[in-house]
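> This is the structure, below, for whatever I ask next.
Derivation of every value follows stated rules applied to the coordinates shown; laboratory data play no part. Owing to the predicted nature of the structure, the values given are computational and were not obtained by experimental measurement. Positions of Cβ are generated from backbone atoms using ideal geometry, with glycine treated the same way; all protein chains shown enter the neighbour counts.
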């Protein structure tokens, strides 16, 4: 849109009043700025001696007058960029122009009521006590209890620990740990479906610790992110412990997935990277201005009194075998 003042009405400061009206409209509509392109017609006098950039500095310093640029600078516009081939037939400007901006200092960014990016993300970490359960439904009830409790605090995430479905292993053959973990894996898909349902019902994102997955004669340790919108994604554990390999024959994943975290505005491109179920700290990336940098790092398992703990690598696997062998 071009603005002109009729030649018969010039020198009445009508151009300034038109610009003031545009600024007032920008303020009333709470717009961030006015951006415009402007010719530099007096550049023809200096084109043989100065570059467009040098000419603009000359006009800024009031060492030269340009009927368009000088007027725009006087109305608080600032040059942001030099445009080439703005009007190819504009011989006076040599086809150059300026990209100008007027900033509305009264602009206030509107707060989104729905889908706004969050500055604080609340995470609830479950301290999972290993209780014996007789059936899947008992474990499901325990899981829903924690989801209900954490969602009641308006949390964005609930984080379950690694192998939190292990209480179901007590019903299998404890003398063959490799077969027992594969039998346990038969519950994982059903449990994931239940977690997706709970995430949707309680409006909370569920980080499902990790669960065994047995597919195509390969055992993996997989973590699920069940989002509150009903979608889910998974990540295989990359670095398998020596005991997971020795006792269960587990295999590690091949690559770290990039997973959308599901917190904040819908379709937010910001991503969480989770290499293994315990990994939670994420480095800042260029252009990434989201304030959330981590979920949590670690968790605690509360065990019944008298449960033997074997320190060292793979103590969870030895603990689970020892615990359920005693109580099996």
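> Test of understanding: extend the Cα→C-beta vector of residue 4 to 7 Å, then name every residue of the stretch 70-108 with backbone N under 19 Å from that spot.
71-72, 87-93
> Would you mind classifying the stretch 66-137 by shape? Square roots of the alpha carbon gyration tensor eigenvalues, ordered a ≥ b ≥ c; an a/c under 1.5 is rounded, otherwise it is prolate if a/b is larger than b/c and oblate if not. Mind showing how you got there, number by number?
On the way: a/c = 6.47, a/b = 3.47, b/c = 1.87.
Prolate, since a/c reaches 1.5 and a/b exceeds b/c.
> For residue 103 and residue 22 in one chain, what is 0.36 nm times their gap in residues minus the Cα-Cα distance, to one decimal in nm?
Separation in residues times 0.36 nm, less the Cα-Cα distance, equals 28.0 nm.
> What order do you get for 250-256, 120-126, 85-91 when each peptide is scored by the mean count of other beta carbon atoms within 10 Å, highest first? Before the final figure, lay out each step's value.
Numbers: 250-256: 14.6, 120-126: 16.7, 85-91: 11.7.
The packing order, highest mean first, is 120-126, 250-256, 85-91.
> So what is log10(I(q)/I(0)) for the stretch 129-224 at q = 0.16, 0.17, 0.21, 0.22 1/Å, when the Debye sum runs over its Cα atoms only?
At q = 0.16, 0.17, 0.21, 0.22 Å⁻¹ the computed log10 ratios are -0.65, -0.73, -1.05, -1.13.
> Take the alpha-carbon centre of the stretch 63-80, take the same for the stretch 160-188, and report the distance between them in whole Å.
If we compute the Cα centre of each part, the gap is 75 Å.
> Could you list 23, 112 in order of exposure, starting from the residue whose Cβ has the fewest other Cβ atoms within 10 Å?
On the way: 23 15, 112 10.
Result, fewest neighbours first: 112, 23.
> One quarter of the convex hull surface, Cα atoms only: what value does that give for the stretch 7-103 in nm²?
If I average the Cα hull's projected area over directions, I get 6.9 nm².
> Mind giving me the FRET efficiency for residue 179 and residue 32? R0 is 56 Å, r the Cβ-Cβ distance, nearest 0.05 is fine.
Efficiency at R0 = 56 Å is approximately 0.30.
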